[in-house]
1. What ranking of Thr189, Thr214 emerges when the number of other C-beta atoms within 10 Å of each C-beta is taken as an exposure proxy, fewest first?
2. Can you work out ³J(HN,Hα) from phi for every residue in region 149-155, in order, using Karplus 6.51 cos²θ - 1.76 cosθ + 1.60 and θ = phi - 60°, giving whole Hz and x for Gly and Pro?
3. At 7 Å along the Cα-to-beta-carbon direction for both Ser115 and Arg137, put a label point, then send me their distance in nm to one decimal.
4. Show the residues, 5+ positions off or on another chain, whose built amide H is closer than 5 Å to the amide H of Phe53.
5. Can you compute the helix-only [θ] at 222 nm over the chain? Use -39500 (n - 2.57) per DSSP H run of at least 4 residues, normalise by all residues, nearest 500 deg cm²/dmol.
6. Quick check on the exposure proxy: order Ile136, Ile130 from fewest to most C-beta atoms within 10 angstrom.
7. Could you please rank Asp198, Asp207, Asp55, Asp128, placing first whichever residue has the fewest other Cβ atoms within 10 Å of its Cβ?
8. What spacing in nm lies between the two simple spin-label points modelled at Glu93 and Ala22, each 7 Å away from Cα in the Cβ direction?
Amino acid sequence: MTHLAPILETAVSGAALVSGGALAYAVRVPACSWLAPSVCRGAGTRPAIALTFDDGPSESTSALLEILARHRAPASFFQCGANVRRLPGAASEVAAAGHEIGNHSHRHPLLALKSPGFIHRELSAAQDAIEHATGIRPRYFRAPYGARWFGLRAAQQRLGLQGVMWSVLALDWKMQTPAVVSRLLQGATPGAILCLHDGRALKHRPDIGVTLQTVRELVPKLIEQGFHFEKVTDILCPTKN
Ligand SMILES: [Zn+2]
């Protein structure tokens, strides 16, 4: 997720060249489903929060699993196929702990301006890698950098994937822990989907210290406020107990 601003800038100016602001909006605004169906928050019928982690698995994913286990907090991990191939043990550890696994593309490319064939191959390769390592075939997809593009709708449909964006982006790859914690606490409303990172795109041994410390501080605070945690599948269901 590093260097997001310049990458998004390129995507958005590309989009703007094609047909102005409306397209840029469709590419990157979490609540927009024009380019591919997606959700950005849960049902909101109970005090539940979905913790989601992108860009993993990484060498530090087990440390994150330990913190979540301490609080019995289920979460959803949007993994990159290439990271799963590199660290299949970490991917299956996530599955064995009972967390949900989603698709975050194979090599974490910016999908904007790419061909429908390229987009389908990225999603499909990640589905295969995740299924091979964990036995789970994901049902949810989160676009790298949150950028959707033409062809994504068809690719999601062919692979049976529902798009999932977020209601709060943690910015845990560029801000310090206190700022990330306060940002997430502010956005913690019933049904919120919080987006954090247990990796940094395809980087080996990424430093996710801020993410780990954020989760250590955030989870007990949210529990104290009366929230509990649900996987994406559950938070989208209005009638779950
Ligand atoms: Zn990502």
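Coordinate-derived values only; no laboratory data. Every value quoted in this text rests on a predicted model; they were computed, and no experiment measured them. Glycine gets a Cβ as well: all are built from the backbone with ideal geometry, and neighbour counts include every protein chain shown.
1. By the 10 Å Cβ count, ascending, the order reads Thr189, Thr214.
2. For region 149-155, the Karplus curve yields 8, 4, x, 5, 4, 5, 5 Hz.
3. With each label placed 7 Å out from Cα toward Cβ, I get 2.6 nm.
4. Result for Phe53 returns Ser76, Phe77, Phe78, Leu196.
5. Rounded to the nearest 500, the figure is -13500 deg cm²/dmol.
6. Taking fewest neighbouring Cβ atoms as first place, the list is Ile136, Ile130.
7. Ordered from fewest to most neighbouring Cβ atoms within 10 Å, Asp198, Asp207, Asp55, Asp128 come out as Asp207, Asp128, Asp55, Asp198.
8. 4.8
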